[in-house]
Amino acid sequence: TGWSNVSNPASGSVDLYSVSFSSSSNGFMTGESSKVYQWDGSSWNEHSTSLPDNSFHVYSVWTVSNSLAYAACSAGFGGGGYILKYNGSTWTTDYNYTGMGTELFTGICFPSAGKGYAVANSGIIKTKGTASGKDDLNALENTLNVYPNPFDKQINIQYELKEAGMVNLVLYDVSGKQVNSLLNHYRSTGMHEWTLDVSGLNSGVYVVKMEVNGQSGTIKVVK
């Protein structure tokens, strides 16, 4: 209903530049002085990185999933830009410019786990990975079907996988609170269907979120 201040984990008056969430319980926030913080659902925790010193500005972060994120960094003085990668436990250097004063990255975006873009000063655009049907978020969302909608005592979740992988289906209420973890299992390619008993839920709007192979798609449902 409105914007309000929350507790700032950064000590002093650190400028903050970017924030990105993959879910209500997982996200990153970045700023000057090489600062990177992760939200775990209850608090912010500062992360160490592979940046060479504390002079860097972490201008942009993109959280793909709980086990994958990227950050775009620029040296505060001298040096070149860095792209960092988070693997679920640590940040490592995914790319760095070994020259001086260029490829100073200011923005990063990964529309899927397999395809990303970064922008830097002097009109530089870099890309990583390859685009394909399986890396298309819209294509993933189009494979997710929930019926009946509106629902009463149960919902049927139907989805199609073009590539086998771990499927995580979660039900959230409109505030972002997880109501039920529907499924977290390895599934083969093809059509699948899952039936959930929701007779105990209150009337209202809910969100079914599907994650598979670093991609995610959501659909709203009403009881």
> Which pairs do you get when a residue that is without any contact (Cβ under 8 Å) to a residue 12 or more places away in the chain and open to solvent by 80 Å² or more (accessible area, probe 1.4 Å), found in the stretch 8-19, comes within reach of a residue that is of a type outside the set (A, V, I, L, M) and part of a loop (DSSP other than H, G, I, E, B), reach meaning Cβ atoms under 8 angstrom, with the pair 6+ apart or on two chains?
Replying inline: none
> From the residues in the stretch 164-190 that are surrounded by 14 or more Cβ atoms within 10 Å (Cβ to Cβ) and over 20 Å from VAL207 (Cα atoms), which one is nearest to the chain's Cα centre (by Cα)?
Replying inline: GLY165
> What is the one condition in (1) part of a loop (DSSP other than H, G, I, E, B); (2) of a type outside the set (Lys, Arg); (3) at pLDDT below 85; (4) surrounded by 15 or more Cβ atoms within 10 Å (Cβ to Cβ) that TYR159 does not satisfy?
Replying inline: (1)
>> Looking at LYS209, LYS220, LYS153 in this structure, which one is charged (D, E, K, R), open to solvent by 70 Å² or more (accessible area, probe 1.4 Å) and under 21 Å from the mean Cα position of the chain (by Cα)?
In response: LYS220
> Where residues in the stretch 37-58 are of a type in the set (Gly, Ala, Ser) and at pLDDT below 90, which of them is most open to solvent (accessible area, probe 1.4 Å)?
Replying inline: SER42
> Which of the residues that make up the stretch 70-102 are modelled with pLDDT of 95 or more and surrounded by fewer than 14 Cβ atoms within 10 Å (Cβ to Cβ)?
Replying inline: THR92
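The values are calculated or read from the model by the stated rules, or taken from the named source; none is laboratory data. Bear in mind that the values here come from a model prediction, so they are computed numbers and not experimental data. All Cβ positions, even for glycine, are placed from backbone atoms using ideal geometry, and neighbour counts span all protein chains on display. These area figures cover heavy atoms from the full protein model, side chains too; ligands, DNA and RNA do not enter into them. Shrake-Rupley method; radii C 1.70, N 1.55, O 1.52, S 1.80 Å.
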